[in-house]
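Presented below is the structure to which this report refers.
Every read-out reported here was derived from the displayed coordinates using simple, explicitly stated rules and does not represent laboratory data. Please read all numbers here as calculations on a predicted model, not as lab measurements. Please note: Cβ atoms are built from the backbone with ideal geometry, for glycine as well, and neighbour counts cover all protein chains shown.
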Amino acid sequence: MLPEVLSIETPAEDVCLYWFDGPRPYVTSVAAICRSGGCLVLDTYCGSYYMDWVRQDLEQRFQPKYFCVINSHHHWDHIWGNSSFHDCLIYSTPLCKEHIFQQWTEQMEENAAFFRGKAEMFLPNITVDQPLELLPQVFAFPAPSHTADSLALWDEKNHFLFAGDSVESPVVQLCCCNLNQYRKTIAHFEALSPKAVFSGHSINSNPAILRQVSSYLQALAEKRELYIEDETARHTHWDNEKLLFGR
């Protein structure tokens, strides 16, 4: 196992989550659902060094006939390992594909210290603008939230929601002024009544996290003063206020 892998979770017989130690101060997940001969990988972390190993591990665990990939959104810590799946279908929203293309060089220059592997841009080759079944009982759907280009994954068989960076604890980060749409997306998530919610950077998979996110977004909308103990989360909250209200 790679030294950067903190843990590997198997919340169901056909689901696997890899937790990476980084980019610090965060942890980051790569999820996989393997079913009916296919293996769907959600996000590709920080480069082919990591994802070549993940792909080999999944081949040993599940012996899939093929792989496919979802990029939950365009941020570098979720897409830099796409080259490990250069021979596969890679799904994203249309806006995500556009942002990856436009921001690849800038993101690579600014965050090069976190990259390991082959520095090759592999864009999504299938875009998703409405719910799409990718494996039996596994649906990708647009979920504008943390970013406008976000994509989420619903595993109907296990009642698992893979929410990308739209769900975090103790606070979420807004990267665009879409607070009302973000609240609608979280309400949609809650209506699914998931048994577990897996996110990009929060190990907490308790579905109660959706209520926490909803309450935080409501407090933002009402411009309430909040006390946030965690320093990193506190700065994220201040950034959200500055983005939305210019303060």
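Remarks
- Principal axis extents of the C-alpha atoms in the stretch 41-85 (largest first, rounded to whole Å): 30, 18, 13.
- Kirkwood hydrodynamic radius computed over the stretch 111-247 comes to 16.1 Å, based on all pairs of distinct alpha carbons.
- Rounded to the nearest 10 degrees, the angle from helix 179-191 to the longest Cα principal axis of the chain is 60 degrees.
- Using θ = phi - 60° and Karplus 6.51 cos²θ - 1.76 cosθ + 1.60, couplings along the stretch 53-60 (whole Hz; Gly, Pro as x): 5, 4, 4, 5, 5, 5, 4, 5
- Free-standing Cys, the chain [no other Cys Cβ under 4.7 Å]: C16, C46, C68, C88, C96, C175, C176, C177
- Angle in degrees between helix 94-110 and the longest Cα principal axis of the chain, rounded to the nearest 10: 90 degrees
- With contributions of -39500 (n - 2.57) from each DSSP H run of at least four residues, the per-residue ellipticity at 222 nm computed over the chain stands at -9500 deg cm²/dmol.
- Value of Rg/Rh across the stretch 5-245 [Cα atoms, Kirkwood radius]: 0.94
- Relative to the Cα centre, the charge distribution of the stretch 5-245, modelled as +1 at Lys and Arg Cβ and -1 at Asp and Glu Cβ, gives a dipole magnitude of about 380 debye.
- D21 paired with L2, simple spin-label distance in nm, labels 7 Å along Cα-to-beta-carbon: 1.3 nm
- Taking the charge dipole of the chain about its Cα centre, with +1 at Lys and Arg Cβ atoms and -1 at Asp and Glu Cβ atoms, the residue from L2, Q103, H159 reaching farthest to the positive side is H159.
- Ranked list, fewest to most other Cβ atoms within 10 Å of each Cβ, for T10, T28: T10, T28
- Taking the chain as a Gaussian network of alpha-carbon nodes connected by springs under 10 Å, the highest mean-square fluctuation of the residues D155, D77, D230 belongs to D230.
- Mean separation of Cα contacts under 8 Å, 6 or more apart, over the residue count of the stretch 5-245: relative contact order %: 14 percent
- Each of A119, T232, F20 was placed along the dipole of the chain (beta-carbon charges, centred on the mean Cα), and the one lying farthest toward the positive end is T232.
- Whole-Å distance, taken between Cα centres, linking the stretch 5-54 and the stretch 157-194: 20 Å
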